[in-house]
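Below: one structure in structure tokens.
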There are 2 protein chains.
Amino acid sequence: MIKRIELLLLAWLPLTLFATDVTSPDGNLVLTFDVVGGRPTYSLTYKGREVVRPSRLGFELAKDKHASLGLDEQDLMEGFFILKTDTTEFDETWQPVWGETRNIRNHYKELCVELQQEVRIPRKVAYEPNPDIHMRPMVNYRYMTLRFRVYNDGLGFRYEFPQQKNLNYFLIKEEHTEFAMTGDHVAWWLPGDYDTQEQETQQTRLSEIRGRFKKAVNWGNSSVAVFSPTGVQTSLQMKTDAMDIDGQRRSLYINIHEAACKDYATMHLELVDSLTRQLSTELDGNSNRYTPNPEPSPYPLPEPFTFVSHLTPDATGLKGCMQTPCETPWRTIIVSDDARQMLASNLILNLNDPCALDDVSWIHPTKYCGVWWEMIVGKSSWNYTNDYPSIKLDQIDWQSVKPNGRHAANNEKVKRYIDFAAKNGLDEVLVEGWNVGWEDWANMWKRDVFDFVTPYPDFDIQMLNDYAHSKGVKLLMHHETSSSTQNYERHIKEAFQLMNRYGYDAVKTGYVGDIIPRGDHHYSQSMNNHYLYVIKEAARHHVMVNSHEATRPTGLCRTYPNLVGGESARGTEYEAFGGSRPDHTCILPFTRLQGGPMDYTPGIFVTRLSTWSDNPSWARITICGSLALYLTMYSPLQMAADLPEHYEQFDDAFQFIRDVACDWDESIYLEAEPADYITVARKAKGTDNWFVGGKCDEQGRDAVVKLDFLDKGRKYDCTIYADAKDAHYEKNPQAYTITKRVVKKGDTLRLHEAPGGGFAVSLMAK
Amino acid sequence: MIKRIELLLLAWLPLTLFATDVTSPDGNLVLTFDVVGGRPTYSLTYKGREVVRPSRLGFELAKDKHASLGLDEQDLMEGFFILKTDTTEFDETWQPVWGETRNIRNHYKELCVELQQEVRIPRKVAYEPNPDIHMRPMVNYRYMTLRFRVYNDGLGFRYEFPQQKNLNYFLIKEEHTEFAMTGDHVAWWLPGDYDTQEQETQQTRLSEIRGRFKKAVNWGNSSVAVFSPTGVQTSLQMKTDAMDIDGQRRSLYINIHEAACKDYATMHLELVDSLTRQLSTELDGNSNRYTPNPEPSPYPLPEPFTFVSHLTPDATGLKGCMQTPCETPWRTIIVSDDARQMLASNLILNLNDPCALDDVSWIHPTKYCGVWWEMIVGKSSWNYTNDYPSIKLDQIDWQSVKPNGRHAANNEKVKRYIDFAAKNGLDEVLVEGWNVGWEDWANMWKRDVFDFVTPYPDFDIQMLNDYAHSKGVKLLMHHETSSSTQNYERHIKEAFQLMNRYGYDAVKTGYVGDIIPRGDHHYSQSMNNHYLYVIKEAARHHVMVNSHEATRPTGLCRTYPNLVGGESARGTEYEAFGGSRPDHTCILPFTRLQGGPMDYTPGIFVTRLSTWSDNPSWARITICGSLALYLTMYSPLQMAADLPEHYEQFDDAFQFIRDVACDWDESIYLEAEPADYITVARKAKGTDNWFVGGKCDEQGRDAVVKLDFLDKGRKYDCTIYADAKDAHYEKNPQAYTITKRVVKKGDTLRLHEAPGGGFAVSLMAK
């Protein structure tokens, strides 16, 4: 420990004197911390190459009418010096309740820096009885801790605010965490938006973000609020130009995201470029969905190619209400020169707290089908009647209203799905549109939109649950909140009690449309608190949660493993809304899935929707590409999203969905490149069986899978589901071959992936 | 009924053609309705004298990104014509669960006007496949109903919006209901404020409001948000200059308020004067508590001396989210040339819906004392420890923290209050500060401030309830929400379950400080919905509610009689915060009490707080003035607010509080003048006993009470509690005389009221 007295003397010198280094356990990453001109600053290298140039840390705080002495309102930007540094190492292996691997090693070196900030109180707010004293500037001190954890696969760091006299409650105007990139990297990005992450990923150089931005926004989404023409979301995947690393020409893969975001606003990144802070009129044509920062920061901007954090505001434009002791989420930078390592990283899970639930026996991986796709496609409806321009729940006699004849969640259809699930070993059946209120549910600023307990007249909740249970199947509950969160919280206890009564053990929640109360956003501090409140209330009722349109995950499923899935990205539904690019599913594992599993709802076999509905849209994937997603898009919750009759039409291919596991002892990423291809082998939990999946972009490719991971001396029944030679996601998506053979360790499989296609392999130990 | 075809032709003429009159049952009031230049307009006369000059009605609507064709966004201001008018009469007598009288007559004549509005859709938002059609202006129709009820004591009217194709959901930018006064009346007003109504009432001419405004604001309140230098609150009491009425020189008393405000923003009134819409800098010195309307209305202003409605906004500045069918609260104008009639009016209760509760057997009038005044005064504390600069509920081991030694809600003290209540026939004992969280509860933007179920270690909830019940007393629950409404709603079910478990049947709720989530206001639509949600949830648990710092009441206690009281004004606590003017309690019955009873917490006997605490404040009232309040400030919930030891010191005077009823079969206002004096006689429910109380301002006076209301031929034991001759609210507040005699109908009592004093009389039938 450095002596405090020296620091008091020396911290005033403007230049670096106390730079502190911490190295990852394998020595590849080096984190350097320093205080430069009173501002905390960090940088990061990987194998000797700069990853993050010196980047500053800090907070602007808001002025509030309730502050007492004014100390809680001074910015946490300048005037810092180091009080104490501690370096420690941590190494443990833990077992997730469900996951890609049975064991996860959490091994890092930690640098903990305690900072002291000198704050001069403006005289006008300092009151002293003696007017002479009154004239002297009052100096006070505040304290902030920075904690850095350096892993072999990246860096996590966070701010911590100890409880202290001069910093008890504060309002965040903006967090100013910088991530200074070393050049004009290629990035896979979504436009920064306070309310949606359901856009197509853009692939551009950093310098091209501004030019692409307006086109990248999904203006038609049910809730859109962009804030800057260079604002992007995390998790942000980047790739550098090739450089010399270990004597080879390699690129670095860099991912910026966050971990353990609880009761704190979701972070976006704003890229500083040469036009930043010029008056921007680029988004004015859509001004009612564009929320510019009302007041730019007075602090000097960093250099171009730097990302600066931009938090999601509340209805009044502020970013957070804080009470010490508290801390921010971890800001994460995953880095490697091997793209496969980006997918294998557990850094974000490791930075989350261990499981907070005592009993996890009721949590289980789940394969399910559901009354869903035909509504998404537009062939049937969530709502029961069309006879009212709007409804109020307490003013409708549901028994006497006229049905529209298109309501999907009816007894007959649900029984059909239950039968299908039972026959094919699926665990649960999701039923959307079972409860009253769907007649006018979204974006009406209607608070009391659902009650979550009243079924439509043609949905016999007791009978259907009994019927399902008699066949070993469970129904999967659906709670669409329509983003009226106060309404959901008012009903949530009764809603979960109803689930307990009828034997539901999982719920899909939804947050379509703008948040009610007006002015709040999907990714604000209050909404992030709400999502976690729901997860905790669900756990109290032994309910698993699959949260749609909620904020992007940050690994909280480690602490709350009943959070078994989520959406928070562009899911399969968009195949019915105009389609997604074929490379979309080769990007998501690098970005969205870093924070936790996604309920992508794969498995579309009949991709031309016009063959069975009026929907002209079509899914950009082959049948074998769809099968591959059950492996490349890891989730403990996997849907077979297409209709039972479509699966019956391709029953031999459906066999793979019947067989595939969704919980794993081991996972090996064999091949990977963002937006191009992913190949992974996974060993099914508690068995000796392996499954291998490969998914590629619109180019097609040939994969080479060396079966080195099999047990030596053992034989495996191998079934290969591969795209036919002439298969193509648009022209010939249903052409596949199924081949069976016996294989052993050391064998090699050469597998053709059609454009927009993929393959799936099951390896059953004999 | 006027033929529609004629209307279609004639409604375009700019001048009055179809003015419709409705007269009150006694013929004194005449309401005239008309459509002038396309705008609905009303006026009101009383005994041939103009009360409200022609005043326009309408709504500005907000533009919203989710609107479809734009029809829901067109203002409801112009282009109206009359489709149909209906005049009906209604007369019934109903019995309140509790009240000032056993029977209430609801007798009115009603005018119902169905209006049609022609709306021309701006072409840019009208989409038609044929571009030729596209160029024609599209005309559509919308419908709005105005319902006027004319009583002998005033007028109520509201807007109703039927369900219709072109008006389903709309956002209110502002309601433009005008109340055009006939001159520069004297008014008793509070500064219009979105968050507090705890100011001293101002008495000025209308023209003097602007000049007085800044001084009238209680800038030190825990939550202040004023919006205009001529904005005032309702209920607003006015008095005209004397005029010839029925051959006498009389003034008119006029009161503007509202009835049945549910899921709608509370209304303020903005006075139009010659300076209106000039740029106002008058409030800039307190700009962080001043929220000017962001965008002035484009419609022409009315004449000076007109009040225009101004609703409380949400966090984004809008005033309401509406879904048809729906209606506004009633806008009420009580009018009389007899001030006593203002106090006797039941107009606001009558305009509310009948009781919505099936079982009201658990609702009862209540006299109570409480562990409260000594904390308000500052002698003891709500919080248990002083050892933390801030606390988090889930991080404190309450058993091991160091007590501050000042915590009032401890077992010993509460038992002392229970003993006192039992000995003196008080029904309940309020205990504030019983639950953890008071260490840092207010205005910290701290969401999770209380859990409403965890007692401090020195409050044995089981023992104390058992002890109270063994003596025939109940404890009265306290839920301070600190205005963190989301937190309260999350805990409310468990909080009420805890009350049921221990046998509480009433709760005092509190909303101190600014609303969380930030940006919302105490009187917004969402908060008014919240208060009603709490009342309904309480009713489900058979809990009576006494709501402090909530919005001012509008008669909802008729529909939900478990709403037994509220604060929503400057209560007795201000006697410990610097004091209130002696005439304050002679104004409140004309203003605040129009909407429902107030938990004023009267009964301070030891008015110099410095005699028993360090508080230099003193109550501006004599002991007999305090006794009078139990009659002049009607409430079914009456507190004996002072300390038991203070009552024991004046046990002979306290006898009146022991004796007085708080539920009545009959009430007769004998004398009244706003801010000067009120004398009332009340007959105790289910008995033949009467009580008479008189309260006056700082002038003192002599009251003459003719006992004409007693039963003929019956004798009554009369006890008179009167100010001594030399009593004075400041110099000699504890000087009183108690006289006993036997009286009969026709006798006259001459009673001296000291400056700031009053009298109380009990008349027990022999």
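Return one number: the angle in degrees, 0 to 90 and rounded to the nearest 10, between the long axis of the Cα atoms of helix A:525-540 and the longest principal axis of the Cα atoms of chain A.
50
Quote the total accessible area buried by chains A and B together, excluding ligands, DNA and RNA, probe 1.4 Å, nearest 100 Å².
On the way: alone 28720 and 28720 Å², together 53300 Å².
Buried area (both sides, nearest 100 Å²): 4100 Å².
With only Lys, Arg, Asp and Glu charged, each at its Cβ (+1 for the first two, -1 for the last two), find how big the charge dipole of the stretch B:693-734 is about the Cα centre; round to the nearest 20 debye. Walk me through the numbers before you get to the answer.
Working: 8 positive and 9 negative charges, 57 e Å.
About 280 debye.
With +1 on each Lys and Arg Cβ and -1 on each Asp and Glu Cβ, how big is the dipole of the protein assembly as shown about its Cα centre, in debye rounded to the nearest 20?
On the way: 164 positive and 208 negative charges, 39 e Å.
The dipole of the protein assembly as shown has a size of about 180 debye.
How much net charge surrounds A:TYR159 when only other residues with a Cβ under 11 Å from its Cβ are counted (Lys, Arg +1; Asp, Glu -1)? Intermediate results must be reported in sequence, preceding the final value.
Values: positive: A:ARG147, A:ARG158, A:ARG331; negative: A:GLU160, A:GLU175, A:GLU327.
Result for the local shell: 0.
Report, by chain and number, residues whose modeled amide H sits under 5 Å from the one on B:ASP663, excluding near sequence neighbours (fewer than 5 apart, same chain).
B:LYS685
While we're on this one: Using the Karplus curve 6.51 cos²θ - 1.76 cosθ + 1.60 with θ = phi - 60°, work out ³J(HN,Hα) for each residue of the stretch B:157-172 in order, rounded to whole Hz, and write x for Gly and Pro.
Coupling constants for the stretch B:157-172: 8, 8, 8, 10, 10, x, 5, 7, 4, 9, 8, 10, 10, 8, 10, 8 Hz.
Angle check, please: helix B:485-502 long axis (alpha carbons) against the longest principal axis of chain B (alpha carbons), in degrees 0 to 90, nearest 10.
Approximately 40 degrees, to the nearest ten.
Continuing with the same structure: Measure nothing but the geometry: give the 0 to 90° angle between the long axis through the Cα atoms of A:461-470 and the longest principal axis through the Cα atoms of chain A, rounded to 10°.
70
With every protein chain left in place, what is the accessible area per residue of the stretch A:494-638 in square angstrom, probe 1.4 Å?
Values: 2940 Å² over 145 residues.
About 20 Å² of surface per residue is accessible.
What are the residues whose amide H is under 5 Å from the amide H of B:HIS268, where those residues sit 5 or more places off or on another chain and H is modelled from the backbone?
B:HIS310, B:LEU311, B:THR312
Can you tell me the mean projection area, over all orientations, of the convex hull of the stretch A:334-468's alpha carbons? Units nm², please.
Dividing the Cα hull surface by four gives the mean projection, 13.3 nm².
Over the stretch B:410-502, what is the relative contact order in whole percent, taking alpha-carbon pairs under 8 Å and six or more residues apart?
Numbers: 112 pairs, mean separation 33.3, N = 93.
Computed over the stretch B:410-502, the figure is 36 percent.
Report the calculated FRET efficiency for A:LYS766 and A:ASP614 (r = Cβ-Cβ distance, R0 = 45 Å), to the nearest 0.05. Spell out each step's value before the answer.
Values: r = 49 Å, r/R0 = 1.08.
That gives a FRET efficiency of 0.40.
Please average, across the residues of A:382-391, the number of beta carbons from any other chain that are within 10 Å of each residue's own beta carbon, and give a whole number.
Values: counts 0, 0, 0, 0, 0, 0, 2, 9, 8, 2.
The mean count of partner-chain Cβ atoms within 10 Å per residue comes to 2.
Further question: I'd like the residues of the stretch A:441-479 whose 1.4 Å-probe accessible area shrinks by no less than 10 Å² going from the isolated chain to the full set of protein chains.
A:ASN443, A:MET444, A:TRP445, A:LYS446, A:ARG447
Restricting to the protein assembly as shown, what percent of DSSP beta bridges are antiparallel, rounded to 5?
Working: 296 of 345 bridges.
Here the antiparallel bridges make up roughly 85 percent for the protein assembly as shown.
Where in the stretch B:171-212 is the amide nitrogen less than 14 Å from a point lying 7 Å along the Cα-to-Cβ axis of B:GLU303?
Label zone hits: B:179-185.
Where in the stretch B:483-507 does the amide nitrogen come within less than 11 Å of the point 7 Å from the Cα of A:ARG540, taken along Cα to Cβ?
Those under the cut-off are B:490-495.
Can you tell me the dipole magnitude for chain B around its Cα centre, using point charges on the Cβ only (Lys, Arg +1; Asp, Glu -1), in Debye to the nearest 20?
Details: 82 positive and 104 negative charges, 170 e Å.
Here chain B has a charge dipole of around 820 debye.
Sticking with this structure for a sec: Calculate, axis by axis, the spread of Cα positions in the protein assembly as shown along the three principal axes, and write the results as whole Å, longest axis first.
117, 88, 63
Find how many whole Å separate the alpha carbon centroid of the stretch A:322-387 from the alpha carbon centroid of the stretch A:557-608.
10
Quick query: amide H of A:LEU475 versus all other amide H atoms, modeled in the peptide plane; which residues come in under 5 Å with a sequence gap of 5 or more or a different chain?
A:VAL429
What number, in percent, do you get for the relative contact order of chain B if the mean sequence gap of Cα pairs under 8 Å and at least 6 apart is divided by its residue count?
On the way: 1960 pairs, mean separation 80.3, N = 766.
In percent, rounded to a whole number, it is 10.
Using 18 Å as the Cα-Cα cut-off, could you pick out the over-long pairs in B:LYS413/B:LYS493; A:LYS379/A:LYS413; A:LYS215/B:LYS63?
Details: B:LYS413/B:LYS493 29 Å; A:LYS379/A:LYS413 13 Å; A:LYS215/B:LYS63 25 Å.
Cα-Cα > 18 Å for B:LYS413/B:LYS493; A:LYS215/B:LYS63; rest within.
Got a number for carbon plus sulfur as a percent of the stretch B:470-606's accessible area, 1.4 Å probe? Each step should come with its number before you reach the end.
Values: 1370 of 2690 Å².
That fraction is 51 percent.
Here is a follow-up. What lysines does B:LYS731 reach when the alpha-carbon gap must be under 20 Å and sequence neighbours fewer than 8 apart in one chain are set aside?
Qualifying lysines at Cα under 20 Å: B:LYS695.
Dividing the alpha-carbon Rg of chain A by 2.2 N^0.38 Å yields what? Could the numbers behind the result be given before it?
Values: Rg = 26.9 Å, N = 766, 2.2 N^0.38 = 27.4 Å.
Taking N as the residue count of chain A, the ratio is 0.98.
Expressed as cubic angstrom per residue, what is the convex hull volume of the alpha carbon set of the stretch B:691-755? Write down the numbers at each step before the final one.
On the way: hull volume 5.0 nm³, N = 65.
It is 76 Å³ per residue.
Using a 7 Å offset from Cα along Cα-Cβ at B:ARG741, what residues in the stretch B:666-701 end up with backbone N under 15 Å from the label point?
none
Using a cut-off of 10 Å between beta-carbons, work out the net charge of the residues near A:TYR736 (Lys and Arg +1, Asp and Glu -1, A:TYR736 not included). Walk me through the numbers on the way to the answer.
Numbers: positive: none; negative: A:ASP652, A:ASP723.
Around A:TYR736, the charge tally is -2.
Karplus couplings for the stretch A:242-252 from phi (6.51 cos²θ - 1.76 cosθ + 1.60, θ = phi - 60°), rounded to Hz, Gly and Pro as x?
Karplus-based 3J(HN,Hα) across the stretch A:242-252 equals 5, 9, 7, 9, 6, x, 10, 7, 9, 9, 9 Hz.
Which lysines have a Cα lying under 28 Å from the Cα of B:LYS109, excluding residues fewer than 8 positions away in the same chain?
Result set, ordered by chain and number: B:LYS3, B:LYS47, B:LYS84, B:LYS239, B:LYS262.
Continuing with the same structure: Before I look further, what does the stretch A:185-230 give for accessible area per residue, probe 1.4 Å, in whole square angstrom? Walk me through the numbers on the way to the answer.
Numbers: 1240 Å² over 46 residues.
It amounts to 27 Å² per residue over the stretch A:185-230.
Something else about it: Based on a Kirkwood Rh over C-alpha pairs, give the Stokes-Einstein translational diffusion coefficient of the stretch A:536-585 at 25 °C and viscosity 0.890 mPa s in µm²/s. Write out the running numbers ahead of the final one.
Details: Rh = 12.5 Å.
D = 197 µm²/s.
Further question on the same structure: Any residues in the stretch A:517-552 that have 30 Å² or more less accessible area with all protein chains than in their chain alone, probe 1.4 Å, and which are they?
Residues of the stretch A:517-552 that lose at least 30 Å² of accessible area once the other chains are added: A:ARG518, A:ASN529, A:TYR533.
With the radius of gyration and the Kirkwood radius both derived from the Cα set of the stretch B:406-544, what is their ratio Rg to Rh?
Numbers: Rg = 15.4 Å, Rh = 15.6 Å.
On the Cα set of the stretch B:406-544, Rg over Rh gives 0.99.
Based solely on its DSSP helices, what 222 nm [θ] is calculated for chain B when runs of n ≥ 4 H residues each add -39,500 (n - 2.57) and the sum is averaged over all residues, nearest 500 deg cm²/dmol?
Result for chain B: -4500 deg cm²/dmol, rounded to the nearest 500.
The values are calculated or read from the model by the stated rules, or taken from the named source; none is laboratory data. The structure displayed is predicted, hence computed values, not measured ones. Here the Cβ is made from the backbone with ideal geometry for all residues, glycine too, and neighbour counts use every protein chain on show. In case anyone asks, the SASA skips ligands and DNA or RNA and just uses the protein heavy atoms, side chains included. Shrake-Rupley method; radii C 1.70, N 1.55, O 1.52, S 1.80 Å.
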